[in-house]
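> Got a structure here, written out as structure tokens. Questions coming.
What follows is calculated from the coordinates using simple rules that are stated; it is not laboratory data. As the structure is a computational prediction, the values presented were derived from the model and not from experiment. All Cβ positions, even for glycine, are placed from backbone atoms using ideal geometry, and neighbour counts span all protein chains on display.
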Amino acid sequence: MTVKTSTASYDGTGLRFTARTGSGHEIILDDSASNKGPRPVEMLLVGQAGCTGMDVISILQKKRQNVTHYEVSVTADQRDDQPAVFTRADVVHVVEGPAVDEVAVRRAIELSATKYCSVAAMLSAGTVEIHHRYRILGSAGVAPIEGEVLVTGPHADPDAMGRTQPAAAATGSVG
């Protein structure tokens, strides 16, 4: 078992903390009043975007896809009641390249969502229903290709990840 650590030290101003990761990086966390850093709950979305992004681009590189631009965005719905947990998240992968294969993109996202991304596993094991989507942008004049690969969570079993093929919610290409 691997142990990860972080420490948050109060800076003495408002609600500002300096967080230090076990790997030696510092991040300022703050509230909206002084706004000197991201809110802690925003960092969950950053973690989701970074984790799945690293998985997907790595898989696409191994599949020799010519990706000229890649971006992941995560938008989440948060309850108003306390605790203000996320209930739904939309993860959208925008992949650009002259001849990016849609099947390769779908498979890379599926592997990230069901096997490799620890953040997605943690969020979908809790209260979050995660919709994993993509948009492929090709050559000028060619219509974008969009689709939803699958939905994970809420209350997913992280131990079952990667053992079975998810029921992909294919929405097909939009032209």
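> Which lysines have a Cα less than 29 Å from the Cα of K36, not counting those fewer than 8 places away in the same chain?
Candidates past the 8-residue exclusion: K4.
> Apply the Karplus parameterisation 6.51 cos²θ - 1.76 cosθ + 1.60, with θ equal to phi minus 60°, to every residue of the stretch 36-52 and state each ³J(HN,Hα) to the nearest whole Hz, in sequence, with x for glycine and proline.
9, x, x, 6, x, 5, 5, 5, 5, 5, 4, x, 4, 5, x, 4, 5
> Within a 10 angstrom radius of the beta carbon, how do D55, D31, D157 rank from fewest other beta carbons to most?
Numbers: D55 21, D31 14, D157 10.
Sorted ascending by nearby Cβ count, the order is D157, D31, D55.
> Radius of gyration and Dmax for the chain's Cα atoms, expressed in Å?
Rg, Dmax (Cα atoms, Å): 17.9, 55.
> Among V103, V46, V85, V74, which comes first, then next, by fewest other beta-carbon atoms within 10 Å?
Details: V103 8, V46 13, V85 16, V74 23.
Ascending number of Cβ neighbours within 10 Å: V103, V46, V85, V74.
> What is the sum of charges around V142, taking Lys and Arg as +1, Asp and Glu as -1, for the other residues whose C-beta is under 15 Å from the C-beta of V142?
Values: positive: R135; negative: E96, D101, E102, E146.
Net of charged neighbours comes to -3.
> Rounded to the nearest 20 Debye, what is the dipole magnitude of the chain about its Cα centre when Lys and Arg each give +1 and Asp and Glu each give -1 at the C-beta?
Values: 16 positive and 20 negative charges, 109 e Å.
Around 520 debye, computed over the chain.
> Shifting gears a bit: How big is D, in µm² s⁻¹, for the stretch 1-100 by Stokes-Einstein at 10 °C and 1.306 mPa s if Rh is the Kirkwood radius over C-alpha pairs?
On the way: Rh = 16.1 Å.
Diffusion coefficient, whole number: 98 µm²/s.
> Given Cα pairs under 8 Å that are at least 6 residues apart, what percent is the relative contact order of the chain? It would help to have the intermediate numbers written out before the result.
Values: 329 pairs, mean separation 26.3, N = 175.
Across the chain, relative contact order equals 15 percent.
> Any chance you could give the angle, 0 to 90 degrees and rounded to 10, that helix 102-111 forms with the longest Cα principal axis of the chain?
40
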